[in-house]
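Step one of this worksheet: look at the structure below.
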Amino acid sequence: MARMRNVSLFLCAISAAILMNGGSVTAQPAAKKSAIERSPLLKEPSTPEEMFAAALLTFDLARLDLAAQYLEQFDATSPDDSLLIKLRDKHGTAEFLKLAASPELQPRSKRLLESLNNAARKQAEDPEYVDSLIQRLTAGPTERELAIAELKNAGERVVPEMLKQMSKPEMADHQDAFVVALSRMGKQVVPPLIGALDSPEPRSRAAVMDVLGWLDASEAIPSLWSPAFDEQQPPGIRAAAQRTLAKLVNGSSLRGTQISSVTASNELKRLSKLLYRSPELLPVNDQGAVNLWAWSDKDKTVVQRSLTPEVASLFLSTRFARQSLALSPEQPEPQRQYLASLLGLEVLRQGWDAPRVATPGSAMYLGLTAGEETMAKVLEEALDAGRATTAVAALEVLSRIGTREQLISSPALKSPVVAALNSSDPRVQFAAATTILKLDPTRSFSGSNRVVGILSRAITDSQQSRAIVIDADNRRASSTAGYLGDGGFLPYVASTGREGFEQAASTTGVELIVVHANCQRWDLTQTLANLRADARTASIPIVVYGQGKIRGELARTVARNAPATFVSESATSSDFLDQLLPFVKSVKTPALSAQERTLQKNAAAYWLATIGNGNLSKIFDISQAEKEIGAAIEDPEIAQNALIGLAGIGTPTAQRRLADVALNSQIDENVRTIAADQLSYHIQHYGLMLTNDEVFDLHSGWKNTDNPAVKSSLASVIGSLRPNATVISERLRQFPTPTSK
C-alpha cells in the first residue's frame with residue numbers, strides 16, 4: 001500500500017505540472033508530450049539511492065524501459081555492501097526479488113540480488129554485528145524494536161549466533177527477550193530452530209519450543225514427538241514439547257491428553273518409512289539440494305548443510321526410525337527401518353565404488369549381527385521401495401550370513417534374493433547374482449537362469465543401459481530409438497507389445513521400456529499389465545509416449561504402473577530427452593564408475609570359471625554365455641578365468657576357440673599355456689570335436705612352437721588325442737637315448 005501511495009503522489013505531481021504549464025494535455029507540443037512519456041519523474045535521479053528508487057517506481061508504473069535504464073545507472077555506481085544493506089532496510093528484500101524476477105531487467109537484476117545476498121550473509125555471519133543487535137534486545141523499548149527490525153531483515157542467518165548467546169549462563173534472565181525477537185522475525189527462523197531442538201542446553205531448547213508454538217510452525221511437529229515422550233528427556237523438556245505439540249496438532253496447548261507415546265511412536269515410524277520411500281517429498285533449493293539445519297557441538301549452535309535429496313531423506317529416516325525405536329524397542333518394523341536407512345546412508349556417504357567393509361561401528365557390521373531373517377526382510381523392503389543402496393548392502397550382508405534357504409520361493413513367499421535378480425538397477429542385479437553363488441546352491445531354483453546372463457554382461461560390455469522401444473510404426477520407432485541412443489541408451493525395437501515384453505523379459509540389463517500409446521498386439525493397457533505382472537520386468541521404469549493432447553487421458557494408466565511417466569512425441573532428440581532424462585535420473589542410480597566396472601568384470605570372470613569347473617554347472621548353464629566368455633579371453637585381466645569358464649562349455653565352438661588361443665603366437669605365452677591346458681581338459685571331458693584339418697594344425701603348432709612352457713602344455717593336448725601304436729613308437733624313437741653320465 002505504501003508503494004501504491006507513492007505512485008499516486010507521483011501521478012498527482014505530474015498532472016499538476018502539466019496544468020501549470022498551460023492548457024490540456026492534448027494542447028501541448030508533440031516534443032513536450034514525448035518528453036513526458038520518456039520519464040514521469042519531475043527530476044532525474046542523481047544519487048545511487050535516487051536511481052534505485054526511480055527503478056522501483058518506474059517498474060511499478062510498468063515503464064520497464066525506464067526501470068532498466070535507472071537500474072543500469074545504479075549498477076554503474078558499483079554500490080558497496082553497506083549501500084545494499086541500507087537499501088534493503090529501507091525498501092525491503094521483496095523489492096530486490098521483484099526486480100530479479102523480471103526478464104526485462106535480467107541479468108543485471110539477478111546480479112544485484114546475488115550481491116545483496118552476499119552482503120547480507122557477510123553481515124549476518126559477523127558475530128560483532130549480531131552481538132550488537134542482541135545487546136540492544138535487552139535495552140529500552142525503542143532500541144529493542146530497532147534491533148528486532150534489523151534482525152528480521154538479516155533473516156535466518158543471524159539465528160545461529162542468537163542461539164549461541166541464548167545458551168550462555170549469563171543470558172538466563174533474558175530468555176523472554178530472545179523468544180519475543182525470534183517470534184517477531186517470523187517463519188523464516190523455523191528451519192534453524194528445528195535444528196536447535198537437539199541443543200544440549202535444556203533452557204534454550206524449551207525456549208525454542210515456545211517460539212515454534214507461537215509461530216504455529218506445523219513443520220516442527222515431526223521433530224517434537226521424541227522430546228515430548230522419550231523418558232530419557234528431562235521433565236521440563238517433555239512438558240514444553242508436549243505443550244507445543246498440543247498447540248500445533250490440536251490447536252490448543254491445553255489439549256495435550258489427546259496425544260500419547262503410542263501416537264508418537266507410530267507417527268515417527270510412518271515418517272521414517274515415508275522419507276525412505278519418497279525422497280522427492282523434501283523441498284529443494286535452486287541447486288536441487290536439501291538445506292538441513294543441525295546442531296553442532298563444535299560450533300555450539302546450529303549449522304546449515306546442503307545434502308542431496310537421497311542423502312537427506314535417508315538421514316531423516318534414520319533419525320525418526322531411531323526415535324520410534326526408543327519409544328517402542330520391541331517392535332521389529334522400526335528396527336528394520338533403522339537398519340535399512342543406516343545401510344543406505346552408509347553406501348551413499350562412502351560412495352558406490354568404495355569397498356563395503358564390515359568394520360566395528362559400521363552399518364554393515366550392525367547388519368551382520370542382525371541375523372539372516374531380519375536382513376532378508378530389509379532386502380525385501382528395499383526392493384519394494386526402490387532403494388538400490390540398501391538392497392546392495394543387504395545382499396552383501398546376506399552373502400556372508402545367509403543360507404541356501406534364502407533361495408527357496410513359493411507362490412506365497414518369494415525369495416528377496418532371487419527377486420533382486422530382476423531389479424532394474426544393474427548393481428542390485430550383480431550383487432544378487434554373486435550372493436546366490438556364495439550361498440552355494442545344490443539344486444536349481446526359479447530364476448537361476450538369470451545369474452549367468454548377469455555375469456556375462458558384466459565381463460563384456462561397458463554397462464551401457466539398454467532400452468526397449470515398442471511401437472508398430474517402424475519409422476517413428478526408429479526415430480525414438482535414435483533419441484534414446486543420443487541419451488546414452490542401447491536401444492532395441494519391437495513392433496508389438498508381446499514382442500517387446502519377450503525382449504524385456506529375456507534381455508539382461510534392460511533399464512527402460514518406452515511404449516507408444518497406440519501399441520498393437522497387445523494394446524497399451526495389456527502390455528503394461530503384463531510388464532508389471534512378470535517378476536523379470538515388474539520394476540523396470542516405463543515411458544509411455546504419444547501426442548501431447550492425450551496426456552490427461554493416460555494419467556491414471558501411467559500412475560498405476562509406476563515407476564512410469566508420459567512423454568510427448570517430439571520432432572527433435574533434444575526435446576524428447578528434455579522430457580525423458582529428468583525422469584530417468586529420478587529412478588536410476590549413477591552410472592558405474594570405471595573402478596566398479598573393473599571389479600564387476602573380475603568377479604564375473606571368477607564366478608563363470610567357478611561354475612564351469614565345478615558342481616555349480618549342474619544348476620547354471622554357462623553355455624548361454626559362450627560368446628561373451630570367448631570375447632573376454634582377449635582381456636588380459638580376466639583371460640585365465642575366461643579360459644577356465646570356456647572349458648566348462650561342451651561345444652565344438654568352445655573347443656575350437658581354446659585351440660585358436662593356444663596356437664596363436666601373438667598372444668601372451670601364459671595365456672597360451674592356460675588355453676592349452678584347458679583344451680586338454682575339454683577333450684578329455686567332452687571328446688574330440690575338432691576337424692581333421694584343425695587336428696593337423698594342432699600337431700603343426702606343437703612341433704613349431706619354441707616356447708618350452710607352451711610346448712609342454714600343447715604336448716598334453718597331443719597326448720589327449722589318443723595316438724595309435726605307430727605314432728607312439730615314432731615319438732619314442734625320436735627321443736634321444738640317455739647317456740651313462
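The values are calculated or read from the model by the stated rules, or taken from the named source; none is laboratory data. Note that the coordinates shown come from a computational prediction; the quantities given were computed from them, not determined experimentally. So basically every Cβ, Gly included, is an ideal-geometry build from the backbone, and we count neighbours across all protein chains shown.
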Identify all residues within the stretch 518-548 that are over 17 Å from Asp471 (Cβ atoms) and either small (Gly, Ala, Ser) or not assigned by TED's automatic domain parsing to the domain that holds Val567 (or both); write none if there are none.
Ala529, Ala533, Ala535, Ala538, Ser539
If the requirement is being closer than 30 Å to Val158 by Cα and either outside any helix (DSSP H, G or I) or modelled with pLDDT under 90 (or both), which of these qualifies: Leu71, Leu84?
Leu84
The correct count of residues that are surrounded by 17 or more Cβ atoms within 10 Å (Cβ to Cβ) and closer than 20 Å to Pro103 by Cα in the stretch 39-92 is 19
Residues in the stretch 309-323: is at least one over 16 Å from the mean Cα position of the chain (by Cα), touching a residue at least 60 places away in the same chain (Cβ under 8 Å) and outside the structural domain of Tyr276 (by TED's automatic domain parsing)?
yes
Ala228: passes all of (1) surrounded by 20 or more Cβ atoms within 10 Å (Cβ to Cβ); (2) small (Gly, Ala, Ser); (3) modelled with pLDDT under 90 but (3)
Pick out the one residue from Arg305, Arg319 that is of a type in the set (Lys, Arg) and in a helix (DSSP H, G or I).
Arg319
Determine if the stretch 450-469 includes at least one residue that is of a type in the set (Gly, Ala, Ser), surrounded by 21 or more Cβ atoms within 10 Å (Cβ to Cβ), assigned to a helix (DSSP H, G or I) and modelled with pLDDT under 95.
yes
Just checking: which of the helices (runs of 4 or more DSSP H) contained wholly in the stretch 551-645 hold 3 or more residues that are within 28 Å of the chain's Cα centre (by Cα)?
555-560, 573-587, 594-612
Please enumerate the residues belonging to the stretch 374-404 that are of a type in the set (Asp, Glu), modelled with pLDDT of 95 or more and more than 13 Å from Ala431 (Cα to Cα).
Glu380, Glu381
Select from the stretch 675-704 the residues that are in a loop (DSSP other than H, G, I, E, B) and free of Cβ contacts under 8 Å to residues at least 24 places away in the same chain and write down the one among them that is farthest from Arg656 (Cα to Cα).
Gly687
Residue satisfying all of: in the stretch 276-302; assigned to a strand (DSSP E or B) and hydroxyl-bearing (Ser, Thr, Tyr); nearest to Arg349 (Cα to Cα) among these:
Ser296
What helices (runs of 4 or more DSSP H), lying completely within the stretch 164-255, carry at least 1 residues that are over 25 Å from Ser272 (Cα atoms), free of Cβ contacts under 8 Å to residues at least 40 places away in the same chain and of a type in the set (Lys, Arg)?
175-184, 202-214
Restricting attention to the stretch 324-356, and to residues there that are more than 22 Å from the chain's Cα centre (by Cα) and part of a loop (DSSP other than H, G, I, E, B), which single residue is surrounded by the most Cβ atoms within 10 Å (Cβ to Cβ)?
Ser328
What do you reckon, is Leu577 out of contact with any Phe, Trp or Tyr (no Cβ under 6 Å at 6 or more places or on another chain), closer than 19 Å to Asp486 by Cβ and of a type in the set (A, V, I, L, M, F, W, C)?
yes
